[in-house]
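Following: one structure in structure tokens, then a few remarks.
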Amino acid sequence: MLLGFALEANCAVLDSQFIAEEVKKELISQLQQNYSGEIEVNVKYLPYKSVKIPNGNLKIKAELKSDSLNSQSIAKVSIYVNNTKIKSFGAKIVIRIKDKVWVAKDWIKRGQSLTCLTLEEKEITSVSENLPGKDFLPRIYRARRNIKPGEVIKLKNIEKIPTVVKNSPVSVTFKTSMVSVTIPCTAVTSGSTGDFIKVKSKKFRKNYIGKIIGKNLILVNI
């Protein structure tokens, strides 16, 4: 036995302890992409005490079946030899993560930007909803509902602030291969950069469809 391998003629046998350690390392590496705090992963159950595989280049991959964090989860485990899948199965996993999360310092009303936030360290594996990752920028988000003081910010309760807000004034540029003209209009709908939205001109009493190219800037190609 060597590091969980038992060598046989033209094949090898992986014991459950070796597989569990590889799964643990794989999942911790994945979770570290989104969380920078303390991460603990323990494999509580594997359906096999050992797995026989052919000799070759071994790779064990593991991924959580859900994006939501739960203290008890199921991981999909796949064993590859020479880039060929040999076996796949589910494994019961216990996860504990303690990390800094965004918390409301004061009431944030629906539609308000997330300016009253603070970072606090909390146990987050008991939170079933998805939380913002470590690259989260509060200033570009707003509340989808009222958020009370002390409440942890969850992705389902926030949304990105639109580049253009419904009923706001916008500058619309009509562009051809030869010339461009810009006129003031009003946004009929909201949208983000790259979206196509409807705008209306009070002066010409017409509606147009244009692409959002910046803050309150719309382009209409003719």
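Each value in this text was obtained by applying a stated rule to the coordinates, not by laboratory testing. Since we're looking at a predicted model, the values are computed, not measured. Glycine also receives a Cβ, built like all others from the backbone with ideal geometry; neighbour counts cover every protein chain displayed.
For the reader, a short list of remarks on this structure follows.
- Pairs of Lys residues in the stretch 136-183 that lie 8 or more places apart, or on two chains, and have C-alpha atoms under 24 angstrom apart add up to 4.
- Within the stretch 40-126, the chymotrypsin sites (Phe, Trp or Tyr not before Pro) that combine a DSSP coil assignment with at most 15 other C-beta atoms in a 10 angstrom radius are Y48, W107.
- Within the straight-line cut-off of under 16 Å between alpha carbons, the aspartates and glutamates reachable from K215 are D195, sequence neighbours fewer than 8 places apart in one chain being disregarded.
- Separation between Cα centres of the stretch 91-141 and the stretch 149-222, rounded to whole Å: 30
- Loop sites in the stretch 19-55: trypsin sites (Lys or Arg not before Pro), DSSP, at most 12 other Cβ within 10 Å: K49
- Translational D in µm²/s for the chain (Stokes-Einstein at 4 °C, 1.567 mPa s, Kirkwood Rh from C-alpha pairs): 60
- Positive-end residue, the chain charge dipole about Cα centroid, Cβ charges, pick of Q17, N83, L217: L217
- Among the trypsin sites (Lys or Arg not before Pro) in the stretch 68-111, those located in a DSSP loop and surrounded by at most 16 other Cβ atoms within 10 Å of their own Cβ are K105, K109, R110.
- For the stretch 98-160, the C-alpha radius of gyration sits at 1.00 times the compact-globule guess of 2.2 N^0.38 Å, with N the residue count.
- Values of log10 I(q)/I(0), in the order q = 0.13, 0.19 Å⁻¹, for the stretch 169-221 under a Debye, Cα-only, solvent-free model: -0.25, -0.54
- Length, then width, then depth: along the principal axes, the Cα atoms of the stretch 5-96 run 44, 22, 19 Å.
- Label reach from K206 (point 7 Å along Cα→C-beta): in the stretch 165-189, amide nitrogens under 18 Å belong to 170-188.
- For K44, a cut-off of 13 angstrom between C-alpha atoms picks up these aspartates and glutamates, skipping any fewer than 8 places away in its own chain: E21.
- Label-point gap, in nm, between S36 and I213 - each point 7 angstrom along Cα→Cβ: 3.7
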